[in-house]
Amino acid sequence: MTGGLMREKIILEVMDYIRLIALVVLVTTLMNTLLFTFSTVQQTSMEHTLHEGDVLVIEKVSYLLDDPDSGDIIVFVEDEAVSSNYFKRLQVLFGDVIGKFTHTSLRTRLVKRVIGVPGDVIDIHDGDVYVNGELLDEPYVTDLTFERVEEYPLVVEEGYYFVMGDNRDVSKDSRHFGTIPKENIEGKAIIRLLPVGGFGLLD
């Protein structure tokens, strides 16, 4: 085999490896974007359940098949609906894929707990939360809950959810910006991955 043919063979093999690596990276990124992802808590609004710096596993499949439940810890986009139509989903997907490579995010994502689902009547008074007239048992909350901007009782509309952070004194949530549409919800936080001492399922 001549030197020219040898060089050509090596170049072709290198190109095959590059294409394989690119395919693996692309498939892994798409799975990470569409099926699950990792998210780092950047606020203190979920203390003492979650702390700033905690790394969470966010599962995205179940909300494609079913609706969020009361008590779920969710990640959602605050500023715009993300799946109102097919082309919007493609745009968000493209932006997220680019963000994975550049380590940047174009959207503000928040971590909160679902308090009210469609049809629920939410009332807040005397530092407590009531859902459908019954006092909500919230062992994860250590301080009082105040009304903030919204007026109560509040009926959660179809397709919308009332969310709050567990650290009620500092949390910016549905008491400030109202209920959120399901289209804004990206997934459910299911596992705290880091720190190692805090590893475990979330509830």
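Every read-out reported here was derived from the displayed coordinates using simple, explicitly stated rules and does not represent laboratory data. Predicted model only: the values in this text are computed from it and were never measured. FYI the Cβ positions are ideal-geometry reconstructions off the backbone, even for glycines, and counts take in every protein chain you see.
Net charge within 10 Å of LYS172 by Cβ-Cβ distance, Lys/Arg positive one each and Asp/Glu negative one each, not counting LYS172 itself? Neighbour charge sum, excluding LYS172 itself: +1. A simple spin-label model places the labels of ASP67 and ASP137 2.3 nm from each other, with each point 7 Å out along Cα-to-Cβ. Within 13 Å, Cβ to Cβ, of HIS125, how many net charges do the neighbouring residues add up to if Lys/Arg are +1 and Asp/Glu are -1? Local charge sum for HIS125: -4. The Cβ shell under 12 Å around ILE190 holds other residues with a net charge of 0, Lys and Arg each +1, Asp and Glu each -1.
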